Amino acid sequence: MPSLKNIPYKFIFFTLLFLIADFVIENINHRFQLGDFKVYYEAANAICNGKQVYGVLFSLAIGYYKYSPFTALLFYPLSILPYYYACVIDFFLISVAVVCTSIIILNIFSNYIFKEPIKSPNLILSISLLCICTHLVREIALGNVNIILLLVLCLSLFFLIREEFVLAGILLAFVLITKPFFIILIIPLVMRRYFKTLLVTAITLLAFMLLPALILGVTNNIAIHKQWLNTMLLHADSFPAPNTIEALVRHYFSFAAPFHFQYIVMVVLLVPYVLFIFKNISSGRKDENKKTGGLVMEWFVLIAMIPSMFKTDTEHFLMTLPIILFIIMYLFSNKNLLLTILFVVLIILYAGNSSDLLGKNMSLTVYNLGVLGISNILIIALALFIYTRKIIGVEKDKLLSDTKSEVNRCNT
């Protein structure tokens with residue numbers, strides 16, 4: 001974590017200006033509605049008052065609650081407030097999460113990948129914020145929890161690195177009970193034998209599922225968890241998501257695939273990912289720094305892949321923030337014109353779909369073409385190329401050069 005003298009105050013000031021401007025504009029235009037947050041707010045009231053939680057339209061046309069009973073309980077303190085004031089607090093929490101997440105990611109990469117102080121951290125962080133601004137504005141407008149979950153995942157990784165396995169497991173369980181598709185994050189934990197963290201995660205998840213029984217009773221708690229499971233399955237089946245790899249294959253190759261094709265795609269994607277972990281583990285046996293650096297990249301790459309594998313809203317692509325920040329940090333320290341141009345093009349595709357800029361019809365066309373999904377995969381691929389070829393490759397070349405120099409010195 002940064003010391004007080006290393007805190008990027010200029011970035012914090014820039015972010016606060018951005019968020020305050022967004023808050024003011026949304027209120028002036030009477031658009032400060034936070035539709036997704038209203039679902040959490042109403043669901044919290046419903047579960048604590050013994051009312052129906054699942055299958056009830058709380059907000060807009062698709063405002064059905066599809067998260068766990070425990071997650072609804074977390075929003076109860078806000079649900080006792082008038083809705084507008086609860087929205088303001090939710091907006092504040094998202095704002096804090098944006099700042100803290102960015103700074104934590106920067107420090108993780110600085111300490112465990114680049115292994116040196118990063119020049120111009122304020123500028124790097126500010127550029128990364130601009131790169132995700134389209135998705136961030138949507139996240140804020142909906143009052144969703146993705147950036148908060150990303151903050152929790154970053155903290156979980158931070159505690160893993162520090163070998164504080166209990167805290168890492170508790171935080172991971174918090175994310176899984178909210179959005180279970182993050183379960184694939186157990187892959188690097190299993191392969192790296194973080195069994196204590198996995199055990200704590202499992203125990204904490206069980207506790208989170210049992211806790212609502214204190215309010216609902218055991219029988220009702222079992223029933224409401226069955227309703228949650230059914231709601232998740234229905235949402236996964238019916239949700240339109242043209243940015244997943246499965247949807248891209250269907251669209252561009254006119255592939256009439258069976259229903260389970262999405263799971264085949266997931267396995268195909270995870271095979272090279274698993275091989276990547278094996279390679280990192282092998283390298284980490286010889287160099288402790290590479291062991292930690294490999295874990296960092298595995299964690300953030302898999303998080304960035306999630307919206308490309310599972311059917312989700314576009315604001316979930318905020319999860320690519322760590323990978324974007326990694327690329328920017330590399331480009332600042334290594335002036336590579338070709339990679340810089342490629343990155344700029346990819347970011348335009350990743351964040352350029354705004355109805356205010358393109359118009360509603362063009363924006364919808366770009367959305368249906370899956371441009372966001374394509375750019376997300378290419379950004380991840382660029383980050384992996386930089387890590388394996390430009391960072392790990394350079395370290396190997398330097399080690400080989402130092403070894404030859406030492407041999408020559410000994411011979412002379």
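The values are calculated or read from the model by the stated rules, or taken from the named source; none is laboratory data. It should be emphasised that the depicted structure is a prediction, and the values quoted were computed from it without experimental measurement. Cβ coordinates were reconstructed from backbone atoms using ideal geometry, including for glycine residues, and neighbour counts include every protein chain displayed.
If the requirement is being more than 25 Å from Leu136 (Cβ to Cβ) and surrounded by 14 or more Cβ atoms within 10 Å (Cβ to Cβ), which of these qualifies: Phe14, Phe23, Phe70?
Values: Phe14 fails: more than 25 Å from Leu136 (Cβ to Cβ); Phe23 fails: more than 25 Å from Leu136 (Cβ to Cβ).
Answer to the selection: Phe70.
Could you tell me whether any residue of the stretch 99-117 is of a type in the set (A, V, I, L, M), in contact (Cβ under 8 Å) with a residue 40 or more places away in the chain, within 30 Å of Asn230 (Cα to Cα) and touching a Pro at 6+ places or on another chain (Cβ under 9 Å)? Spell out how you get there, then give the answer.
Just the residues of the stretch 99-117 that are of a type in the set (A, V, I, L, M), to begin with: 99, 103-106, 108, 113.
Subset that is in contact (Cβ under 8 Å) with a residue 40 or more places away in the chain: 99, 103-106, 108, 113.
Next, only the ones that are within 30 Å of Asn230 (Cα to Cα) stay: none.
For the stretch 99-117, residues of a type in the set (A, V, I, L, M), in contact (Cβ under 8 Å) with a residue 40 or more places away in the chain, within 30 Å of Asn230 (Cα to Cα) and touching a Pro at 6+ places or on another chain (Cβ under 9 Å): absent.
Confirm whether Ile89 is touching a Leu at 6+ places or on another chain (Cβ under 8 Å), β-branched (Val, Ile, Thr), within 17 Å of Thr231 (Cβ to Cβ) and part of a helix (DSSP H, G or I).
Details: touching a Leu at 6+ places or on another chain (Cβ under 8 Å): yes; β-branched (Val, Ile, Thr): yes; within 17 Å of Thr231 (Cβ to Cβ): no; part of a helix (DSSP H, G or I): yes.
No.
Applying the selection to the stretch 307-361, what residues are of a type in the set (D, E, K, R) and under 13 Å from the mean Cα position of the chain (by Cα)?
The initial filter retains those residues of the stretch 307-361 that are of a type in the set (D, E, K, R), namely 311, 313, 315, 335, 356, 360.
Selection gives Asp313, Glu315.
So which residues in the stretch 36-84 are of a type in the set (Lys, Arg), in contact (Cβ under 8 Å) with a residue 40 or more places away in the chain and assigned to a loop (DSSP other than H, G, I, E, B)? Break it down into steps so the answer makes sense when it comes.
First, pick out the residues of the stretch 36-84 that are of a type in the set (Lys, Arg): 38, 51, 66.
Pick out the ones that are also in contact (Cβ under 8 Å) with a residue 40 or more places away in the chain and you get 38, 66.
Lys66 - this is the single residue of the stretch 36-84 that is of a type in the set (Lys, Arg), in contact (Cβ under 8 Å) with a residue 40 or more places away in the chain and assigned to a loop (DSSP other than H, G, I, E, B).
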*Could you please tell me which pairs satisfy a Cβ distance under 8 Å, a separation of 6+ or placement on different chains, a first residue in the stretch 182-198 that is among the β-branched types (Val, Ile, Thr) and surrounded by fewer than 14 Cβ atoms within 10 Å (Cβ to Cβ), and a second residue that is modelled with pLDDT of 95 or more and part of a helix (DSSP H, G or I)?*
Ile183/Leu176; Val190/Leu198
*Give the stretch 131-172 a look and list any residue that's free of Cβ contacts under 8 Å to residues at least 24 places away in the same chain and either under 19 Å from Glu26 (Cα atoms) or in contact with a helix residue (DSSP H, G or I) (Cβ under 9 Å, 6 or more places away or on another chain) (or both), or say none.*
Val152, Ser156, Phe159, Arg162, Glu164, Leu167, Leu171
*Which members of the stretch 31-46 meet the condition of being crowded, with 24+ Cβ neighbours inside 10 Å and farther than 15 Å from Asp90 by Cα?*
Ala43
_Residue satisfying all of: in the stretch 105-160; over 22 Å from Leu349 (Cβ atoms) and of a type in the set (Ser, Thr, Tyr); surrounded by the fewest Cβ atoms within 10 Å (Cβ to Cβ) among these_ = Ser120
*asked:* Going residue by residue through the stretch 172-186, is there one that turns out to be closer than 25 Å to Lys51 by Cα, among the aromatic types (Phe, Trp, Tyr) and modelled with pLDDT of 95 or more?
replied: yes
*asked:* List pairs: first residue in the stretch 294-317 and acidic (Asp, Glu), second residue assigned to a loop (DSSP other than H, G, I, E, B) anywhere in the structure, Cβ distance under 9 angstrom, at least six positions apart or on different chains.
replied: Glu298/Arg192; Asp313/Asn144; Asp313/Phe239; Asp313/Ala241; Glu315/Asn144
*Scan the helices (runs of 4 or more DSSP H) fully inside the stretch 266-381 and keep the ones with 2 or more residues being aromatic (Phe, Trp, Tyr) and surrounded by 13 or more Cβ atoms within 10 Å (Cβ to Cβ).*
288-309, 321-333, 337-351
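Hey, can you tell me all the residues within the stretch 337-375 that are more than 20 Å from Ala247 (Cβ to Cβ) and aliphatic (A, V, I, L, M)? Full working, then the answer.
Looking only at the stretch 337-375, we keep the residues that are more than 20 Å from Ala247 (Cβ to Cβ), and these are 337-345, 347-348, 354-361.
Listed by number, the residues that qualify are Leu337, Leu338, Leu339, Ile341, Leu342, Val344, Val345, Ile347, Ile348, Leu357, Leu358.
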